[in-house]
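Report on the following structure.
The values are calculated or read from the model by the stated rules, or taken from the named source; none is laboratory data. Because the structure is a prediction, the values reported are computed rather than measured. Counting neighbours? That spans all protein chains shown, and the Cβs are built from the backbone with ideal geometry, glycine included. The area values use the complete protein model at the heavy-atom level, side chains included, leaving out ligands, DNA and RNA. Shrake-Rupley method; radii C 1.70, N 1.55, O 1.52, S 1.80 Å.
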Amino acid sequence: MKPKNSRQRTYTKNMLNRIIAVALVDMQFPFVLALLGREQIAETMGGLIVTEIVGVFLVYCAKSFFETKESEIVRLKEMQIAEKEMEGENYE
């Protein structure tokens, strides 16, 4: 379902914002662990969180690209059909 207004938020955008918000909160945990003397766990956890953020971002960008590309192809085909219909009406 496409939003009526371009400013209206889609389900994917809402989920992306939630995932990023949780990841940003999670990024605080390695600092707390480092302060408690658990540097090895902090390094591992920090790397995993950054990987999570980058992975979600890349998947979202790919999804948006292909959706936009597909909608643009559909729009161009509709324009071509409309032009052919207009040409057909002009000859009659």
### Task
With a probe of 1.4 Å, find how much accessible area the chain has per residue, and write the answer as a whole number in Å².
88 Å²
### Label-point separation in nm, Leu24 to Phe65, each point 7 Å along Cα→Cβ
2.5 nm
### Summary
The answer for the net charge of residues other than Val50 whose Cβ lies under 12 angstrom from its Cβ, with Lys and Arg +1 and Asp and Glu -1, is -3
### Query
Carbon and sulfur: what percent of the stretch 26-92's accessible surface (1.4 Å probe)?
66 percent
### Message
Explain nothing, just compute: Karplus ³J(HN,Hα) = 6.51 cos²θ - 1.76 cosθ + 1.60, θ = phi - 60°, for every residue of the stretch 18-35 in order, whole Hz, x for Gly and Pro.
### Response
5, 5, 5, 4, 5, 5, 5, 5, 4, 5, 7, 4, x, 5, 5, 5, 5, 5
### Query
Total Lys pairs in the chain closer than 16 Å by alpha-carbon, pairs eight or more apart in sequence or interchain only?
6
### Task
With a ≥ b ≥ c taken as the square roots of the eigenvalues of the C-alpha gyration tensor of the stretch 12-92, please select rounded if a/c is under 1.5 and otherwise prolate if a/b is larger than b/c or oblate if it is not?
prolate
### Query
Under the Karplus relation 6.51 cos²θ - 1.76 cosθ + 1.60, θ = phi - 60°, what is the ordered set of whole-Hz ³J(HN,Hα) values for the stretch 42-59, x standing for Gly and Pro?
4, 5, 5, 5, x, x, 5, 5, 5, 4, 4, 5, 5, x, 4, 4, 5, 5
### Query
Taking the Cα centre of the stretch 1-85 as origin and charging only Cβ (+1 Lys, Arg; -1 Asp, Glu), how large is the dipole, in debye to the nearest 20?
420 debye
## Note on the structure
In order over the stretch 60-65: 3J(HN,Hα) from phi, Karplus 6.51/-1.76/1.60, θ = phi - 60°, whole Hz, x for each Gly or Pro, gives 5, 5, 5, 4, 5, 4
